[in-house]
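The values are calculated or read from the model by the stated rules, or taken from the named source; none is laboratory data. Model, not experiment: these values are computed from the prediction. Reconstructed Cβ throughout: ideal geometry from the backbone, glycine too, with neighbour counts over all protein chains shown.
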Amino acid sequence: MKWSVLKTAFATVVISVLLTPAFCQNYYLVIGAFATDKDDAREFTSYLPGKSLDTAYTMYNGGNMMHFYVMKTSSKDMLLARSLKVQQEIETGAQLQQQTLDGVAGVAGPPAPGVVTASSGLSSAASSATGSAPVKPKGKFFKFAITKYNGEAFPAQVHQIDLTKGRDMGSYTAGVNVDLLNPPSSEPLALVCGVFGYKEVEKLVDYSNPSNTSGVYMDNEGAWVIPYTLERLGKGDVSVMYNVAFYPDAVIMQPPSKNDLDELVNLMLENPNYVIKVHAHCNGKKSRKIATVGESNDYFNIQNVVNTDASAKTLTNMRAQAVRSYLAQHNISADRVKIYGWGGTEMLVDESHPNATRLNDRIEIEVLKD
């Protein structure tokens, strides 16, 4: 699973619309491809989208090439907007999370009681816990109803994308009334829901008349409800566990990692046919002194560790094993979890990059069987 960067001009960074029959109904934002018959593929050095979109990426085996893409959509406008965002992230080497930019007008003043104004100045949110929405929104009230493929409600977030500037304008929690203002330049509302373990879902909503958008309806509080149904990953899909983070040069995971790990446990329990492979990567190829778990076998305890010298590959093998052990502790058979440690052979950025540890130290989950 070595990746090589597509030979495209940087001015057209990462955009590639594949026209093979399997892709004919969608646009794909391709940032790399792997020639399956070559063992000397170059290291993949592009910067993947960060937590701003919680995006899963997928591989597709087309002919003798494995295409690596971060977005699939039937909307060319949304694809172009996302490509701008990815390009900016590549250029800066950091997530684009600016809350105020030139050209953003109409920043709201002090919020009224019960209304929380988003820092971007483009929306305000009111909790629906009181059972009623404010009488007079600044724009229009929307609510996101997110369910899994089995109909179960899912507490995820939806991200609003500026199609003109190609940036993340804000994120909104499911089930909460959100006051959204009219997008600039009369663009449609571009809304993306991407959750680890599920395929990304994007929608373009007609702001002037949301009912023109398939599935959108108004509830009894006067909010426009936008439904999302999350589809589980299928065979060949790969998802990055962006929220699974290890301490530097350690097999010990940071506490927030439990959120994605628990979601992976749930996916494995809900889909008993799943067989996955845990791919672990690290920053740098050199051997180093690492911290491993002590006798407690606690993969979250950074206090009682055992220090040892190890290669980069050994470190990543141990990290992949840590994920498998966590699954085993939650009744997931080890037979369903394969592991592979890549060491530092597949770094996304140079190890001297300011965000090298965050980007290169990563866990990816590949679905081998569904």
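One line per residue, one yes/no per condition, for (1) under 18 Å from T357 (Cα atoms); (2) touching a residue at least 40 places away in the same chain (Cβ under 8 Å):
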position	(1), (2)
N259	no, no
K277	no, yes
A291	yes, yes
I302	yes, yes
T314	yes, no
R319	yes, yes
V337	no, yes
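Restricting attention to the stretch 240-280, the residues that are closer than 22 Å to Y172 by Cβ and not acidic (D, E) add up to 4.
Looking only at the stretch 301-350, filter to residues that are in a loop (DSSP other than H, G, I, E, B), β-branched (V, I, T) and crowded, with 18+ Cβ neighbours inside 10 Å; which one of those is farthest from the chain's Cα centre (by Cα)?
Applying the first criterion (in a loop (DSSP other than H, G, I, E, B)) to the stretch 301-350 yields 301-304, 311, 330-333, 342-350.
Filter once more, keeping what is β-branched (V, I, T): 302, 332, 345, 349.
Subsequent filtering for residues that are crowded, with 18+ Cβ neighbours inside 10 Å retains 332, 349.
Numbers: I332: 24, V349: 18 Å.
Checking each candidate, the answer is I332.
If you go through the stretch 121-151 and keep only what is modelled with pLDDT of 90 or more and of a type in the set (S, T, N, Q), you end up with just T147. Could you check the stretch 171-193 and list, in sequence order, the residues that are closer than 20 Å to L230 by Cα and part of a strand (DSSP E or B)? Within the stretch 171-193, S171, Y172, T173, L189, A190, L191, V192, C193 qualify.
Being farther than 21 Å from S211 by Cβ and more than 23 Å from the chain's Cα centre (by Cα) narrows it down to one of S185, S171, so name that one.
Values: S171 fails: more than 23 Å from the chain's Cα centre (by Cα).
Among S185, S171, only S185 is farther than 21 Å from S211 by Cβ and more than 23 Å from the chain's Cα centre (by Cα).
Total residues in the stretch 241-262 satisfying the condition of being crowded, with 17+ Cβ neighbours inside 10 Å and farther than 16 Å from I339 by Cβ: the figure is 8.
If only one of N360, N355 is surrounded by fewer than 21 Cβ atoms within 10 Å (Cβ to Cβ), touching a Cys at 6+ places or on another chain (Cβ under 7 Å) and not aliphatic (A, V, I, L, M), which one is it? Let's see the steps before the verdict.
Working: N355 fails: touching a Cys at 6+ places or on another chain (Cβ under 7 Å).
After ruling out the rest, the residue left standing is N360.
In the stretch 268-282, of all residues being part of a loop (DSSP other than H, G, I, E, B) and not hydrophobic (A, V, I, L, M, F, W, C), the one that is surrounded by the most Cβ atoms within 10 Å (Cβ to Cβ) corresponds to Y274.
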